[in-house]
Amino acid sequence: MKRQSMKSKRQIKSSLSNWLFLAPCLFVLAVCAGWPLLRTVFFSFTDATLENLRESNFIGIDNFINLARDQEWWQAVLNTFLIVAVSVPLETVLGMIVALILHRNFRGRGWMRAIVLVPWVIPTIVSARMWAWMLNDAYGIVNELLLKASLINEPIPWIASNSFSLISIILVDVWKTTPYMALLLLAGMQSLPQDCFEAAEVDSIPLFQRLMKIILPLLKPTIIVAMIFRALDAVRIFDLVYVLSSGNSANATMSVYARKHLVDYADVGYGSAAATMLMFFIVFLGVIYAPFNRKKLQNLD
Amino acid sequence: MKFLFSVLAIFCFFSSDCATLKIACRSKGMELEMLRNAIDVWIEKTGHQHKVEIIILPHSSNECFALYKQWLSAESFDVDILLMDVAWISIFIRYLADLGEYYKLGEIGVGDYFDAIRQNIYSGEKMVALPLFADCGIIYYRADLLKKYGKTVPSTWQGLYEIAEYIQTEERKIHERKGMFFGYVFQAKAFEMLTCNVAEVINSFGGSIVKNRVAVMDSEESLKAILFLARCLERISCRSVLNYTEEDARGMFQSGNAVFMRSWPYAWSLLNDPSTMVAGKVGVMAVPSGVSGGKSSGVLGGWSITLSKYSKHKSIAADLMKFLAGKEQQRQRSKYSYMPTFRSLYQDPYVQSNIPFSDILYHSLQNAVSRPSADFAQNYAKASAEIYNAVNSILADCAETGVQTSSIKRSLTRLNRKLNAFLKKTHGIKEPRDEDGVWLRLKKFLGLEKDETTVDEIKTTN
C-alpha cells in the first residue's frame, strides 16, 4: 500500500516526462485507430458507397433509422448477445477449474501451463477452419465418433443448420478462450496472499469450502476484470461465425452484418452505421461496467 | 545480388516492352495449374521479355467479388488481368478497358461463341471480356448404382427424386456408415452458388426470377421449384448442404456417399482421378426438367478474363489475354474438363475424347439460363444476396420443422417485394414514399391540399 502511494506521488511529479514517453504511442494510436474510427463515424452519416467515396452526400441519421427498422440487424444484435451471455460465463467457470488445477503444485506444471495455452495461441481463423472440418457432417471426426458409438443415427449438421451453428460457435469459442480466462485467473490467484491458502490447508478445510470462502471472495476483482475483458472482446466476434455458419442472416452477429454491408454490398455509409452502432454497444457495456467494477474494488479494499 | 535485382527493376521500369503482369486467378479445381502452364508457354513464346505474377484469389466467389470491388474502386494498378464470373461483368463494366482497341472481333472469333456467352462480353459497342471457359450446371450420377438397382437416367426432377430416395433407402441398409448415404447433394450455402441452383430449378419448372423487368419469385412455378428443393432437403439431401460450396459437395460425392450431385463440368476430371472412390463409375446428365417433356436448363456459369482500366501495361496484357482465351488454349484445357466457349471446338476429336459428355454440354449451353445480372446491373450483388439468404433460410427451416407450403409462400412474397424494389432502383423508377402519403392525407384532411383527382374530374366534365 505504502509503496503504491509513493509511486503515485512520483508519477505526478514526472507527469510531463510521462506524456513525452507516451507521445509516440499516442501518435500511432491516433493514426491507426483514431483516424479510421472517426472516418467510420463520419461515413455513417453519408450515403457513401465504395464507388463514390469522394462524392458522398450527408444524409443525417437516415442510415441509423434504416438500421433500427431492419429486422436482420436486431437478429444480429440478439445473436451477438446470446453468444456473449452463454460463452463468457461458461469460459469463466471452466477457466476457474483449469486455474485451480494449475495452481496446485505438481510435477510438470510449467509444461502443463504452456500446453493449456495452445488453443488460444492458434489464430482464430485457423482453429475455426480446423473445427469446421472436424464438425463437417460427411467426413468430420465428431460425427464419425458419435455414429460409431451409436449415439446418433444420422450425422448432425453441426455447421449447416441454424440452431446447431450457434451451438457450435459457442462451443468453439469456449474451447478457444477458456485458456485465456484460466491464464488471467491463475495470475490473479498467484498474486493473492499465499498464507490464507496455507492456513486453510493446515486446518484441512474441505476443498469446496476453501473455494467458496477464501478463493472466490479474494479473487472477485480479478474475475470481474477478466469477465469484462472477455465480454467486450466477445461482442466483436466475427471469424468463428464467418467460418462456422452457412452465412445467412439467421446466425449473423453485429460484425458479420457490418462486414456484409460494407464489403459485399459496398455500402460504406450503411455498413459504417452498423459498425458505429457496434462500437456504441461496446462503449455502453464498458461504461455500465466501469463504475460497478470500481465500487466492487473499493468494497474489497 | 540485390544490386543486380534493383538494376533489373529500374531497367524494366524504363523500357516499355518489359513488364510484370499481374493476373488474379482462383485455385478451384485445376484452374491454377492450367493457368500456370499456359502462361509459361506464353512467356516462352514472347522470348522471356515479360514476367507474370499470379495473385491467388480466395476460394469463395463472394470473397473474390468483394476483393475486386475494393481493388477496382481504389483504382489499384496492382492487378492487370482479372478473372471474372460472367455475371459480374455488367457490375464492373465501368472499371474495364475496351478490348476492341487491341484486336478486331474477327481475330478472336466472337461469332463462334455461344449466344448466351457472347451477350455477356459486350457493353453496348464495347467488348470488355474474353471468355476463358464455359460453364453450365449439370448433374453427375453414380452409373454403377443406377445399374445395380435397374434404374434409367431420369429426365425430370420428380424422376430424380424417386430414384434418389429408393437408392438411398436401399444403400443405407448395406452402407458401412449407415446414416451417411444420401440421394442428392447440391450447393445451398448462402452464397452465389445457391442463386445459380435456384435459377436453374426455377427455369426447369418453366418460371424465371425476373420477367420483363419484374421479379416473379412469387409465381406458381417458383413456388414449385423451391418446394422441390425443400423436399430434397427433407428426404434425400444431407442437411449440411446448407453449408456446402461446390468443393464440399464434390467431397461428399467423391467419397461415394451420394447418388446424384449438381455441379459444373470441372468436377469430371477430378472425380475420375484413380484415387477417388468413384473413378469410372460416374455418369453425366443435363439438368432435368420440372415437368415431363419440359426444357432442361442448366445455369450459365463460366469465367472470363477482363482487363483493368487502371492497368499500366494494357497492350501486353491484352496480348496475353488473347493467348489465354484463344482456341488452342481452350482446346488444351478440355483435358481438365474445362469447356470451350467456341462452338466449333465441340466437333474437335481431342475435345470429344477428353469430355465424353460434350454433346450434352453443347445442348445445355445452347439454351443455358443466365442469372438475372443484367436486370439488376449494379444492384445484382445485393439482389443475389437477398435470393440466397431467403432461400437458405427457407431450406434451413424446412430441414428443421418440415415443409410448410404457406410459410414458404410468405417468404417468397417478401423476397419478391425486395427484388422489385431493387429493380425499380436500378431502372430509375422512384417509389412513392410512404411518409408523403401520410402527409398528403393529413393535408387533405385539413383541407390544405385539394384533391387532384376531383379537380381533374371537374375539368373533364367542363
- Test A:Ala160 against the criterion of being crowded, with 16+ Cβ neighbours inside 10 Å and not in a helix (DSSP H, G or I), and give yes or no. yes
**Request:** Using the structure shown, decide if B:Leu423 is modelled with pLDDT of 60 or more, aliphatic (A, V, I, L, M) and loosely packed, with under 11 Cβ neighbours inside 10 Å.
**Result:** no
Could you check, for segment A:164-174, whether at least one of its residues is touching an Asp or Glu at 6+ places or on another chain (Cβ under 6 Å), more than 14 Å from chain B (Cβ to nearest Cβ) and assigned to a helix (DSSP H, G or I)? yes
Reported set for segment B:99-125 where residues are surrounded by 15 or more Cβ atoms within 10 Å (Cβ to Cβ) and free of Cβ contacts under 8 Å to residues at least 60 places away in the same chain is B:Val110, B:Arg118, B:Tyr122, B:Ser123
Selection from segment B:35-68 of residues more than 20 Å from B:Thr245 (Cβ to Cβ) and buried (at least 17 other Cβ atoms within 10 Å of the Cβ) yields B:Leu35, B:Ala38, B:Ile39, B:Trp42, B:His50, B:Val52
Q) Is it the case that some residue within segment A:60-69 is under 27 Å from B:Lys69 (Cα atoms), in contact (Cβ under 8 Å) with a residue 24 or more places away in the chain and not polar (S, T, N, Q)? A) yes
Selection from segment B:281-320 of residues among the small types (Gly, Ala, Ser) and touching a Lys or Arg at 6+ places or on another chain (Cβ under 7 Å) yields B:Ser289, B:Gly290
Flagged in segment B:370-402 as farther than 20 Å from B:Val214 by Cβ, surrounded by fewer than 19 Cβ atoms within 10 Å (Cβ to Cβ) and more than 10 Å from chain A (Cβ to nearest Cβ), in numbering order, are B:Thr401, B:Gly402
Counted residues in segment B:331-345 being closer than 24 Å to B:Ile139 by Cβ and not in a loop (DSSP other than H, G, I, E, B) come to 7
Scanning segment A:205-254 residue by residue, the ones that are part of a loop (DSSP other than H, G, I, E, B), under 19 Å from the mean Cα position of the chain (by Cα), away from every other protein chain (no Cβ under 14 Å) and not hydrophobic (A, V, I, L, M, F, W, C) total 2
B:Gly137 meets each of (1) in contact with an Asp or Glu (Cβ under 9 Å, 6 or more places away or on another chain); (2) at pLDDT 90 or above; (3) farther than 30 Å from B:Pro154 by Cα with one exception, condition (3)
**Prompt:** Is it the case that some residue within segment B:427-448 is within 30 Å of B:Met339 (Cβ to Cβ) and either modelled with pLDDT under 90 or within 13 Å of chain A (Cβ to nearest Cβ) (or both)?
**Reply:** no
For segment A:40-59, the count of residues that are closer than 20 Å to B:Ser76 by Cβ and free of Cβ contacts under 8 Å to residues at least 12 places away in the same chain equals 3
> Based on what the data block shows, is B:Met217 in the same structural domain as B:Arg250 (by TED's automatic domain parsing), within 19 Å of B:Ser411 (Cβ to Cβ) and surrounded by 24 or more Cβ atoms within 10 Å (Cβ to Cβ)?
Replying inline: yes
Among strands (runs of 3 or more DSSP E) entirely within segment B:48-133, at least 1 residues that are basic (Lys, Arg) occur in B:51-56
Some residue of segment B:222-234 being within 14 Å of chain A (Cβ to nearest Cβ) and under 21 Å from the mean Cα position of the chain (by Cα): no
Note: among B:Asn243, B:Asn257, just one is more than 29 Å from B:Ser370 (Cβ to Cβ) and within 14 Å of chain A (Cβ to nearest Cβ), namely B:Asn257
A:Arg107 vs (1) at pLDDT below 90; (2) within 17 Å of the chain's Cα centre (by Cα): all pass except (2)
Scanning segment B:347-364 residue by residue, the ones that are modelled with pLDDT of 90 or more and in contact with a Leu (Cβ under 8 Å, 6 or more places away or on another chain) total 1
Filtering segment B:346-374 down to residues that are more than 17 Å from B:Met285 (Cβ to Cβ), in contact (Cβ under 8 Å) with a residue 12 or more places away in the chain and assigned to a helix (DSSP H, G or I) yields B:Tyr346, B:Tyr350, B:Val351, B:Asn354, B:Ser373, B:Ala374
Over segment A:263-288, the set of residues within 12 Å of another protein chain (Cβ to nearest Cβ), assigned to a helix (DSSP H, G or I) and surrounded by fewer than 22 Cβ atoms within 10 Å (Cβ to Cβ) is A:Val263, A:Asp264
Might you let me know whether segment B:292-304 holds any residue that is in contact (Cβ under 8 Å) with a residue 24 or more places away in the chain, more than 14 Å from chain A (Cβ to nearest Cβ) and among the basic types (Lys, Arg)?
yes
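The values are calculated or read from the model by the stated rules, or taken from the named source; none is laboratory data. These numbers were taken from a predicted model, which means no experiment stands behind them. As a convention, Cβ positions derive from the backbone with ideal geometry for all residues, glycine included, and neighbour counts pool all protein chains shown.
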